[in-house]
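Note sheet for the following structure.
The values are calculated or read from the model by the stated rules, or taken from the named source; none is laboratory data. Just so it is clear, the model here is predicted, and its values are computed rather than measured. Reconstructed Cβ throughout: ideal geometry from the backbone, glycine too, with neighbour counts over all protein chains shown.
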Amino acid sequence: MGKRIVKFIRYMFECLLSVIYPYTCDCLICGDAVDENVQVCTECIKKLKFCSNPMLVTRNNIDIITYSSLYYSKAAKEMIIRLKYKSDFRSGKLLAKYMTETVKQFNLEFDLVTYVPTSRKVMKKRGYNQSRFLALSISENLDKNLIDCLKKQVDTLDQIGLGNEKRWDNLRESFRVCNMEKIKDKKILLVDDVITTGATAYYCAKELIGNGVNSVIVLTAAKSKI
């Protein structure tokens, strides 16, 4: 009972402060001031191009269906770069919100949420995996379990700047399954930040399906085709 009273008093105090000192924050894209609970200003929200068309990735007679919340426009790119390279988790939370809405829009059904892994080298340098952050936020939004079931075993070149086929060659044999017993016969939602050719999504999904997963749905924050 005591803890509830303390929480209530703290809540009332915070409400009082919000009236006396209205809270504002910056737009995630342009930096202009916006009101509380508003992440993107009116002008920038107009610049976000929402995606409503799934993309089919086909390779070696294997079809992987992918969904994206946004097109990789300048505004979406800004948020993804901030999350990926600048530890801007506010941007990550908003992207995860849009991705959660995509799941609901298409009535996607799955048992577990996982993500595209990164190498130890990148983890050591950056300290976090942006795709795991998105996956964790989505799993919490949808009350689903997040599972770590993929590892990147090869330090590949950055996909940025590579042509279509080089992207595929760069990632071949890069991923391996772990926690195999926990994913057998499960439907998996595989989360990543951006999809371009679909090479990353394909090799991750192929590895999962080849190790007993029932099916894989890919969900990304944005879609960019070359």
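Worth pointing out:
- Qualifying positions in segment 178-226 - part of a loop (DSSP other than H, G, I, E, B), at pLDDT below 95 and of a type in the set (A, V, I, L, M, F, W, C): CYS178, ILE226
- Lone unmet requirement of (1) closer than 30 Å to ASP148 by Cβ; (2) part of a helix (DSSP H, G or I); (3) modelled with pLDDT under 90; (4) in contact with a Cys (Cβ under 9 Å, 6 or more places away or on another chain) for LEU28: (2)
- Qualifying residue in segment 154-173 (condition: modelled with pLDDT under 95, buried (at least 19 other Cβ atoms within 10 Å of the Cβ), in contact with a strand residue (DSSP E or B) (Cβ under 9 Å, 6 or more places away or on another chain) and of a type in the set (D, E, K, R)): no
- Enumeration of residues in segment 104-131 that are of a type in the set (Lys, Arg) and touching a residue at least 40 places away in the same chain (Cβ under 8 Å): ARG126
- Flag if LEU95 is over 17 Å from the mean Cα position of the chain (by Cα) and either assigned by TED's automatic domain parsing to the domain that holds VAL218 or modelled with pLDDT of 95 or more (or both): no
- Under the condition of being at pLDDT below 95, farther than 22 Å from VAL122 by Cβ and not β-branched (Val, Ile, Thr), the residues counted in segment 60-79 number 6.
- Qualifying residue in segment 80-90 (condition: at pLDDT below 95, closer than 28 Å to ILE29 by Cβ and either in contact with a Lys or Arg (Cβ under 7 Å, 6 or more places away or on another chain) or of a type in the set (Asp, Glu) (or both)): yes
- Within segment 107-117, the set of residues being under 13 Å from the mean Cα position of the chain (by Cα) and not in a loop (DSSP other than H, G, I, E, B) comprises VAL113, THR114, TYR115.
- Every listed requirement among (1) touching a residue at least 24 places away in the same chain (Cβ under 8 Å); (2) β-branched (Val, Ile, Thr); (3) not assigned by TED's automatic domain parsing to the domain that holds TRP168 is met by VAL34 save one, (1).
- Residues of segment 120-139 satisfying the condition of being aromatic (Phe, Trp, Tyr) and in a helix (DSSP H, G or I): PHE133
- The set of residues in segment 132-147 that are aliphatic (A, V, I, L, M) and either touching a helix residue (DSSP H, G or I) at 6+ places or on another chain (Cβ under 7 Å) or in contact (Cβ under 8 Å) with a residue 24 or more places away in the chain (or both) comprises LEU134, ALA135, ILE138, LEU142, LEU146, ILE147.
- Checklist (1) crowded, with 23+ Cβ neighbours inside 10 Å; (2) touching a strand residue (DSSP E or B) at 6+ places or on another chain (Cβ under 7 Å); (3) over 14 Å from ILE45 (Cβ atoms) applied to SER69, failing item: (3)
- Residue count for segment 33-61 under the criterion of being of a type in the set (Val, Ile, Thr), closer than 30 Å to ARG172 by Cβ and out of contact with any Phe, Trp or Tyr (no Cβ under 7 Å at 6 or more places or on another chain): the result is 1.
- Condition check for LYS104: in a helix (DSSP H, G or I), among the basic types (Lys, Arg) and under 16 Å from the mean Cα position of the chain (by Cα): yes
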